[in-house]
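First the structure, which I've put down as structure tokens, then a few questions once you've had a look.
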Amino acid sequence: MRGRSFPAVAALFLLLCLGCCLPTASAKKVDPHPEKPRVLFVPHDNRPISDEQTADTLRMMEWDIVVPPDDLLGGRGILGDPEAVWAWLEQEAPTAHIAVVSTDTLLYGSLVGSRKHAYPIEEIEARLARFAAFKAQHPKLRLYAFGSVMRTPRSAEASGGEEPSYYAHYGSDIFRFTALTDKQETDGLTRREKKEYAFLQRLIPEAAIEDWLARRNKNFHASARLIDLTRAGTFQYLALGRDDNAPYSQTHMESRKLAAIGEDLGVARFQAMAGIDEFALMMLTRAVNDWTRTVPFVYVKYNWGRGGSTVPSYSDETISDTIKAHVMATGGLLVTSPKNADFVLCVNTNPNGKTYEANDRANDGKPHEGTKYFVDLVAESVAAGPTCVADIAFANGADNALMEALKARDLLFQLRAYAGWNTATNSTGFVLCQGMLSAKMEPEAYDQLLLRRYLDDWVYQANIRGVVARQLGWFRASGAYSSLDERREAAAFRATKLMQRFCEDNLPPFPDLPYLTVTFPWNRMFEARFSFPRPFNYQEYKARHAAP
């Protein structure tokens with residue numbers, strides 16, 4: 001014991017013994033089943049709807065949901081960093097109970113990255129193996145995954161600049177070529193179609209179609225491996241979505257084949273479905289329902305006419321089939337009577353079965369065929385119990401006639417949930433989830449979610465977006481709808497002022513309306529972010545303005 005006195009050594013020995021018994025930060029115990037668990041959420045990019053608006057749904061339930069920093073996720077022109085997101089996920093996992101992850105982000109960097117990446121198959125395989133290793137390291141963590149079957153836009157314009165550069169010249173031809181390939185496998189081609197198919201093979205540059213199909217083949221292989229991982233128990237649930245497709249397309253063909261590969265798993269563990277942007281919230285909702293052992297009962301009502309038989313734009317199946325798949329994926333159950341339902345989903349379709357664009361002149365706010373019938377249906381349902389509205393008569397924005405009628409009959413904030421954004425499948429999946437989860441929220445919480453959707457889907461997408469787009473030429477400097485650039489700040493200022501005015505005329509007053517601001521995080525007009533200092537509380541507003 002040279003150099004130390006006996007008391008000093010004894011004291012050191014005692015401290016060491018006590019240290020072995022004291023808990024350390026790394027040994028901190030995590031409650032295995034708290035009432036409100038910690039959730040890790042990896043979105044497929046940092047668009048407001050994909051990221052914060054989806055996560056906010058769980059925040060309104062006061063659940064602890066954690067998202068990677070924005071700079072790790074894919075953005076406009078930034079494909080994302082899979083390795084950085086994996087590192088974040090592995091760092092956060094020890095204190096989490098649930099993880100809901102985008103496989104596109106963890107394999108390719110983002111949803112857009114899945115369409116443009118140049119990763120070799122060996123690198124993709126290594127990341128696929130990482131899922132199994134991650135689950136083995138955290139066996140008690142409930143892992144839910146969602147990914148995309150690479151889309152097939154009808155044209156360069158429809159792609160929004162999110163495909164490789166050659167799509168600007170040959171997008172329509174590539175779409176048609178793959179549509180005929182799909183039809184050839186399922187129904188066969190007519191003589192005329194065979195000639196068209198041969199012509200397109202000569203027309204499209206060989207390098208372009210080889211690049212496009214090579215990436216698709218790697219992605220298809222990865223999706224098949226994700227199904228294998230689900231079969232092995234890595235994922236609680238796997239959802240693969242097909243967005244921007246058609247009844248005949250490469251996307252439809254690949255999804256059909258993936259569904260067959262995973263058929264043995266059953267819909268309780270895997271589905272290949274129409275849609276994609278709503279899948280994050282669907283898997284979060286599935287996780288909540290599993291955790292709380294809840295099976296929400298849903299009854300669906302359609303507008304008159306084609307109703308559930310409507311095949312919306314950007315989809316390859318009837319909306320009734322899509323809703324059925326979405327309900328099963330979220331852990332709910334369709335019921336045949338509204339009396340047995342936890343809530344009723346009213347679906348606003350056009351009687352003729354067609355889906356128009358929200359910026360069409362026809363979306364002028366005047367009642368059209370089916371408006372009065374549908375609003376009566378909503379009013380009757382609201383009087384009977386919790387009601388949600390999926391507004392899919394128009395794509396990429398609300399039906400102005402419907403919104404005017406709901407406002408006139410004071411129904412806007414008597415709903416549990418509403419959605420009318422992007423594609424029909426995006427809207428139906430999103431509103432189903434917020435309707436299911438509203439039962440676990442206070443009224444002021446789902447009112448905030450309603451206000452967010454009204455600001456985005458009705459005020460901005462169906463009205464202000466088109467006005468500002470037409471006024472872009474008024475602003476000095478350069479910039480366009482899809483790349484605002486130097487006009488970005490001026491466009492945001494103009495959109496803010498127009499939205500404030502629209503809200504004053506159409507929505508109940510909320511204290512921070514003068515501070516509402518609009519920004520364009522992706523440097524284009526299609527996505528907008530809305531912020532104001534304090535949340536809107538409709539229940540408080542209603543109490544203040546109640547008749548004495």
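The values are calculated or read from the model by the stated rules, or taken from the named source; none is laboratory data. Because the structure is predicted, anything quoted here is derived from the model rather than measured. Cβ placement follows ideal geometry from the backbone for every residue including glycine, while neighbour counts extend to all protein chains displayed. Remember, those area values only see protein heavy atoms, side chains included, never the ligands or the DNA or RNA. Shrake-Rupley method; radii C 1.70, N 1.55, O 1.52, S 1.80 Å.
Within 11 Å, Cβ to Cβ, of VAL66, how many net charges do the neighbouring residues add up to if Lys/Arg are +1 and Asp/Glu are -1?
Values: positive: ARG38, ARG59; negative: ASP64, GLU92.
Taking every other residue near VAL66 into account, the sum is 0.
Cut-off under 19 Å on the C-alpha distance; same-chain residues fewer than 8 positions from LYS195 excluded. Which lysines are left, in chain and number order?
Excluding near neighbours in sequence, the set is LYS183.
Another one. How would the range 136-195 be classified by its alpha-carbon gyration tensor: rounded, prolate or oblate, with rounded meaning a/c under 1.5 and the a/b versus b/c comparison settling the rest? Walk me through the numbers on the way to the answer.
Working: a/c = 4.84, a/b = 1.79, b/c = 2.70.
Taking the square roots of the gyration eigenvalues as a ≥ b ≥ c, the range 136-195 is oblate.
Taking the simple approach of a point 7 Å from Cα along Cα-to-Cβ for both ASP211 and GLU122, what is their distance in nm?
2.3 nm
Here's a follow-up. When you count, for each residue, the other Cβ atoms within 10 Å and take the mean per peptide, how do 92-100, 40-48, 188-196, 76-84 rank with the highest first?
40-48, 92-100, 76-84, 188-196
Counting only heavy atoms of protein chains, what accessible area per residue, in Å², does the range 183-322 have with a probe of 1.4 Å? Intermediate results must be reported in sequence, preceding the final value.
On the way: 5860 Å² over 140 residues.
Per residue, the range 183-322 has 42 Å² of solvent-accessible surface.
At 1.4 Å probe size, with the rest of the protein present, what percent of the exposed accessible area of the range 173-330 is carbon and sulfur atoms? Mind showing how you got there, number by number?
On the way: 3180 of 6250 Å².
Accessible surface attributable to carbon and sulfur in the range 173-330 totals 51 percent.
Rounded if a/c is under 1.5, else prolate if a/b beats b/c, else oblate: with a ≥ b ≥ c from the C-alpha gyration tensor eigenvalues square-rooted, which is the range 239-282? Kindly include the intermediate steps, with their values, before the conclusion.
Working: a/c = 3.21, a/b = 1.12, b/c = 2.87.
The shape class here is oblate.
When the accessible area of the range 340-476 is split by element with a 1.4 Å probe, what percent falls to carbon and sulfur? Spell out each step's value before the answer.
Details: 2180 of 4640 Å².
About 47 percent, which is the carbon plus sulfur part of the accessible surface.
Work out the FRET efficiency for ASP71 and THR292 from their Cβ-Cβ distance, taking R0 = 25 Å, and round it to the nearest 0.05. Display every interim value, and only then the final one.
Details: r = 33 Å, r/R0 = 1.33.
About 0.15, to the nearest 0.05.
Between LEU334 and SER172, what is the label-point separation in nm under the 7 Å Cα-to-beta-carbon projection?
Each label point is offset 7 Å from its Cα along the Cβ direction, giving 3.6 nm.
While we're on this one: Work out, step by step, the length gained on full extension between ALA477 and ARG192: first 0.36 nm times the residue separation, then minus their alpha carbon distance; give nm to one decimal.
Gain on extension, ALA477 to ARG192, equals 97.7 nm.
My understanding is that a pair violates if its Cα-Cα distance is over 18 Å; which of LYS366/LYS497; LYS135/LYS218; LYS257/LYS354; LYS372/LYS407; LYS218/LYS257; LYS301/LYS339 do that in this structure?
Values: LYS366/LYS497 24 Å; LYS135/LYS218 23 Å; LYS257/LYS354 28 Å; LYS372/LYS407 13 Å; LYS218/LYS257 15 Å; LYS301/LYS339 13 Å.
In this structure, LYS366/LYS497; LYS135/LYS218; LYS257/LYS354 lie more than 18 Å apart at Cα.
Hey, another quick one. For a test of the definition: using alpha carbon positions, the gyration tensor, and the 1.5 limit on a/c, classify the chain as rounded, prolate or oblate. Show your work: numbers first, answer last.
Working: a/c = 1.59, a/b = 1.20, b/c = 1.32.
Verdict is oblate for the chain.
Still on this structure: Count the DSSP beta bridges whose two residues both fall in the chain, then state the antiparallel fraction as a percent rounded to the nearest 5.
Working: 5 of 45 bridges.
Looking only at bridges with both residues in the chain, the antiparallel portion is about 10 percent.
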